[in-house]
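Trainee: Structure provided below as structure tokens; questions to follow.
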Amino acid sequence: MMIAKHKKYSTSRRLAPFQPNRPTHTPLALGAIVFFAIGAYLIIAIKIHNEASDHLENLSIKNKSHGYLPPPHHRVEQLLANGHYLDKDERPVSYITVGQSFQVEDPKHPATASWNDAFSATWWTSVSNFLKVEKFESASQTPEDGVFELLRVNGKNTVMTTDWLDFSVEHMSKWWKALDFPHVHSQQAVNKVIDTLTNYVTSRKMMNAQIKVPQETLVVVAYMPSKTSYKSEEITKWSLVATLSSFIAVGMGRIIVSGRLPEEKELIVDAFDIVKEQFQLNSPTPRTELSFCLAMDEAYNDAGTRFNIPMSALKKLRHVLLGDASEGDIQCWLGGETTTTSIKKEDTVKKFEPIVQSKWKYIALTEPDTLLTIRPSSLEALGKKLKEGYVLAPHRLQPIPHGSDFKGLGIEEDKYHLIPAAGYFEHVHAISSNEMSCCDAGPFKPVFVEKTIHDFGTQWWMQGFWEITKNNPNETMSVEYAHKHLLPYPLIRLVDGTAVTFCGANSGRMCRPVVDREFFYGACLESVTDEAAYVFPEQNSYTRARVSSLSACILKKDSK
């Protein structure tokens, strides 16, 4: 009986087979875990998406490459409806704010150009802004401090123009030094450089003489002779003549060429004679006054062998304006009639006013290898900006040796020193300030996509020549591959300037040539989406991906 009950019990109970590591969670618990996991994933994904969207929006805001194109045709009607009337000699100018690198990277900061972007060894500002820079009194090892100290003291009041043709300079010495190679072609190349500078001088035309700000400007040219293996003095002289011509054409009131040694005066006076004849400055009251004045003869090293001419010249001018100079120095630098005033140290309102008063209200600095480019119709607007207390910093255009500039000399195919005018580098866009603009493409610099500026050194545009020369033992490297970092940059020549080829700015910034359909109303003033006006619309959508893929394409082509 007992067995029967036990048998009944044992047969009615079904035991599940043994399953090792069987989870003990219920279906409800599993569902909850999955639900929360999916929710957490979605939250993270949404957060990443939002951050990416914000980043792209900020990039779009900061990077001018997303929009500086010509305005639509109704732009003129809009301006007139708002009561904005423009004379044919006055063109509106838009500006880029300059700041430190960390400010450019901050999407909330207005700066979209760094101090390095603004460096061109040239600036234009008021006497008051100049006198604020007390560090011009200090010895410095770097000529660049003549620019950086001014930017540092004047902070956010430094601007560059959005349209490079409104205010820029052509930096010529790096160009001719690249051509000064030690073989049979050197003489032809250097002769071409001198011809280029000579043609530039003879093609200059005077701008509107009624605009006062240039007439009230004293320009300081920090004189440093060029050193080349062939015709060194000729290049130095004609480079100085070209620099003087570019500032005289704008109507600058007085130009001081300041050097360290009295014996430098002879070559400088020869340059003066050339521009006086070219611009008829031999009258008793010339439109532009010229003078050679010595800078402070101070070395910055203990051995007394190293000198900083820009800083020494600025220090001397500062002493002249503050009355800490001889009568002879004051007359040499300021010329004309001057008066000396007494300003008390506690008078903070006039703290940065000159003690020696003259007719000069503005100061400009430059070097003798730097040719000024200003659109004549923008000169009035630039003058207004200076009156408002700003520092104007020009874009520094970087010429590069290109075969199209040396046709018929037998050197245009020399890939070790020139970029032959073929393949990807065949076409050069000729732009004229009378018909076109070259709109700043923003802080994104294509050259630094795969490498930093430290990888290239200070002359990133020359990297391709070094690649061909040093890293090409079998001479199989193509020109396109060697200069692949230049591919995103349009090759451009200024018809109104030297007309030599350049590939962007010294800093790595880029501008886009634009057909200026409504010329006197500016092509770089606002953001529109009419890509048809670009001279090269295919350049409009250049991104990091395209740069990388284009480089990969060249690499693949080279490997075949």
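Trainee: Take the residue pairs Lys135/Lys385; Lys192/Lys415; Lys174/Lys470; Lys445/Lys470; Lys227/Lys445; Lys108/Lys384 and return only those whose Cα atoms are more than 23 Å apart.
Mentor: Listed pairs above 23 Å: Lys135/Lys385; Lys445/Lys470; Lys227/Lys445; Lys108/Lys384.
Trainee: For the charge dipole of the range 305-449, defined by +1 on Lys and Arg C-beta atoms and -1 on Asp and Glu C-beta atoms about the Cα centroid, which residue among Ile411, Ile400, Gly423 has the Cα displaced farthest towards the positive pole?
Mentor: Towards the positive end, the residue furthest out is Ile400.
Trainee: Among 101-108, 150-157, 125-132, how do they line up from the highest to the lowest mean number of other beta-carbon atoms within 10 Å?
Mentor: Working: 101-108: 13.8, 150-157: 17.1, 125-132: 20.9.
Order by mean packing, descending: 125-132, 150-157, 101-108.
Trainee: How high is the relative contact order of the range 105-177, in percent, counting Cα pairs under 8 Å that sit 6 or more residues apart?
Mentor: 31 percent
Trainee: How high is the relative contact order of the range 270-414, in percent, with contacts defined as C-alpha pairs under 8 Å that are six or more residues apart?
Mentor: Numbers: 82 pairs, mean separation 17.5, N = 145.
With pairs under 8 Å counted, the relative contact order is 12 percent.
Trainee: Relative contact order for the range 85-214 using alpha-carbon pairs under 8 Å, separation at least 6, rounded to a whole percent? Spell out each step's value before the answer.
Mentor: Details: 97 pairs, mean separation 30.0, N = 130.
In percent, rounded to a whole number, it is 23.
Trainee: Which of the peptides 290-300, 420-430, 234-244 is most tightly packed, and how do the rest follow, judged by the mean count of other Cβ atoms within 10 Å per residue?
Mentor: Ranked from most to least packed, the peptides come out as 234-244, 290-300, 420-430.
Bear in mind that the values in this text are calculations on the coordinates, not laboratory data. Remember, it's a predicted structure, so these values are computed and weren't measured experimentally. No Cβ is skipped: glycine too gets one built from the backbone with ideal geometry, and neighbour counts run over all protein chains shown.
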